[in-house]
Amino acid sequence: MTTSTNPVSARLPKIYLDKSLVGRLEALAASVMRRSPEVGERLIDEIARAKLVAPATMRSDVVTIGSEVTYRDLGTARLNTVSVVYPEDADIEKGRISVLTPVGVALLGLSPGAEISWTTRDDATRQLLVVKVTPPPG
């Protein structure tokens with residue numbers, strides 16, 4: 001499924017990506033296409049619609065690799081805090097989620113106040129609201 005068939009695609013929030021990460025993100029999307037085409041396609045779609053920004057001018061409140069994000073699941077009102085990381089650094093017990101997960105892709109490039117729908121691995125559609133973004137350390 002691509003975002004063009006998604007009923008909320010007309011009101012997707014603006015996203016910003018560090019242009020120095022795009023090559024690696026595209027390679028990751030390509031690598032996941034065989035086992036999880038929905039996630040790979042969603043990541044490609046997000047990269048395509050993102051405004052690419054030079055690393056030096058990237059705002060600190062935009063979700064990027066290494067950011068800590070607090071978001072509210074609007075269906076349950078539950079707050080979650082996670083760090084979005086590359087797959088090799090993912091550790092759900094430590095709150096580090098891969099950018100190759102449905103929620104990781106959904107969060108990428110967002111800033112506080114942004115809302116977006118995402119589809120879980122069991123095909124449920126959820127809505128989340130970004131509450132707070134802490135930039136990557138260093």
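Just to be sure, is LEU110 open to solvent by less than 60 Å² (accessible area, probe 1.4 Å), of a type outside the set (Asp, Glu), in contact with a Pro (Cβ under 9 Å, 6 or more places away or on another chain) and over 22 Å from LEU129 (Cα atoms)? Answer is no for this residue. On the given criteria, is ASP45 in contact with a Lys or Arg (Cβ under 8 Å, 6 or more places away or on another chain) and either hydrophobic (A, V, I, L, M, F, W, C) or without any contact (Cβ under 8 Å) to a residue 60 or more places away in the chain (or both)? So ASP45 does not fit the description; no. Applying the condition of being assigned to a strand (DSSP E or B) and of a type in the set (A, V, I, L, M) to the stretch 53-86 and asking which residue is nearest to the chain's Cα centre (by Cα) yields VAL84. Of the strands (runs of 3 or more DSSP E) contained entirely in the stretch 88-136, those carrying at least 3 residues that are aliphatic (A, V, I, L, M) fall at 125-134. Looking across the stretch 79-98 at every residue that is hydrophobic (A, V, I, L, M, F, W, C) and either within 18 Å of ARG121 (Cβ to Cβ) or open to solvent by less than 30 Å² (accessible area, probe 1.4 Å) (or both), the one that is modelled with the lowest pLDDT is identified as ILE92. Cβ separations smaller than 6 Å between residues 6+ apart or across chains give the following pairs from the stretch 74-96 residues that are closer than 16 Å to LEU43 by Cβ to residues that are open to solvent by less than 50 Å² (accessible area, probe 1.4 Å) and in a helix (DSSP H, G or I): VAL84/GLY104; VAL84/LEU107. Entry remark, the stretch 7-35: residues being in contact with a Pro (Cβ under 9 Å, 6 or more places away or on another chain) and not in a helix (DSSP H, G or I) number 1 in total.
Criterion applied to THR101, THR70, THR76 was being out of contact with any helix residue (DSSP H, G or I) (no Cβ under 9 Å at 6 or more places or on another chain) and open to solvent by less than 40 Å² (accessible area, probe 1.4 Å), and the one residue passing it is THR70. The residues of the stretch 55-64 that are out of contact with any helix residue (DSSP H, G or I) (no Cβ under 6 Å at 6 or more places or on another chain) and either open to solvent by less than 80 Å² (accessible area, probe 1.4 Å) or touching a residue at least 24 places away in the same chain (Cβ under 8 Å) (or both), listed by number, are MET58, ARG59, SER60, ASP61, VAL62, THR64.
The values are calculated or read from the model by the stated rules, or taken from the named source; none is laboratory data. In this text, all values refer to a predicted model and were calculated from it rather than measured experimentally. Please note: Cβ atoms are built from the backbone with ideal geometry, for glycine as well, and neighbour counts cover all protein chains shown. The protein model used for the area step is the full one, side chains on, heavy atoms only, and it has no ligands, DNA or RNA in it. Shrake-Rupley method; radii C 1.70, N 1.55, O 1.52, S 1.80 Å.
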